[in-house]
Amino acid sequence: MAETERPGLPRTAMVLAAGLGRRLRPHTLSRPKPLVNVAGRSLIDRTLDRLEAVGVTDVVVNLHYRADMLAEHLTRRGSPNITLSHEEVLLETGGGVLKALPELGTEPFLVVNSDMIWRDGLTDTLAMMGRHFDPDRMDALLMMQPTIRALGYRGQGDFHMDPAGRLTRRRAPKVAPFLFSGVQILRPEVFDGMTVEPFSLNRIYDLAQDAGRLFGTRHDGDWLEVGTPAGLAMAERELRRSGDRGD
């Protein structure tokens, strides 16, 4: 597919918001993790703000833990157009997306985790992903964060990326220079033949890698993981230091 014929950034997205938030206790004892505030704004609103700003019009949000509280918040927000996907049994990332697939449509869509914050560098990250995504060559396009620019990160990385953007997983005990940021574009066809049950999106990445269709784009800004109390405190300090009050 020629560059000018690429579909661009999807206008449909899924926000993963059904997790139990165990690592973020005690902050999540009384509320779901997406409603935890960072520098004056909830994680879910920060994510939806980013999607709305680049023209995403339809969003599916999955719910499980304290679902009524999150559903009430999203109903009050009103935009973008939000569809709720309730999970009686927690389906993990892959099962959650597969269950919501009828609402996501037949075209490629964004999937975004709700437990991290990213800030753009010189380019708009989501717009860049839209320019790079080529469904003729890619089943999944992941936003890759250099580990040296991931605030508070102490892991060994997730992927290697070649000059064309093709990804391969890190093999233990080696380290890798990129971690998966939690933002991605997926083709719905990658779920063909799968059953709605608990499974991780890692199954999708492995299949795409084996087919040579797993790609990444490098994020050139900051990335803050807020899944633990220490990460939340660090993000709070960093955002307030930089004047980001979430409004």
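The values are calculated or read from the model by the stated rules, or taken from the named source; none is laboratory data. In this text, all values refer to a predicted model and were calculated from it rather than measured experimentally. Every residue, glycine as well, gets a Cβ built from its backbone with ideal geometry; the counts of neighbours run over all protein chains shown. Heads up: the accessible areas ignore ligands, DNA and RNA and are worked out on the full protein's heavy atoms, side chains in. Shrake-Rupley method; radii C 1.70, N 1.55, O 1.52, S 1.80 Å.
Below is a table of values for the structure above.
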quantity: Subset of the range 194-225 (residues that are modelled with pLDDT of 95 or more and among the aromatic types (F, W, Y)); calculated: F199, Y205, F215
quantity: Some residue of the range 18-27 being open to solvent by 10 Å² or more (accessible area, probe 1.4 Å), touching a Pro at 6+ places or on another chain (Cβ under 8 Å), of a type in the set (A, V, I, L, M) and assigned to a loop (DSSP other than H, G, I, E, B); calculated: no
quantity: Checklist (1) open to solvent by less than 40 Å² (accessible area, probe 1.4 Å); (2) part of a helix (DSSP H, G or I) applied to P135, failing item; calculated: (2)
quantity: Matching residues in the range 28-44 - criterion: being surrounded by 17 or more Cβ atoms within 10 Å (Cβ to Cβ) and of a type in the set (D, E, K, R); calculated: R31, K33
quantity: Any hit, the range 113-126, residues being of a type in the set (S, T, Y) and surrounded by 21 or more Cβ atoms within 10 Å (Cβ to Cβ); calculated: yes
quantity: Only one of G96, G182 that is under 18 Å from the mean Cα position of the chain (by Cα), touching a residue at least 40 places away in the same chain (Cβ under 8 Å) and assigned to a helix (DSSP H, G or I); calculated: G96
quantity: Any chance T106 is in contact (Cβ under 8 Å) with a residue 60 or more places away in the chain, over 15 Å from the mean Cα position of the chain (by Cα) and open to solvent by 60 Å² or more (accessible area, probe 1.4 Å); calculated: yes
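Yes/no matrix, rows are residues, columns are (1) of a type in the set (S, T, Y); (2) outside any helix (DSSP H, G or I):
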position	(1), (2)
S79	yes, yes
L84	no, yes
E88	no, yes
L101	no, no
G121	no, yes
G130	no, no
L141	no, yes
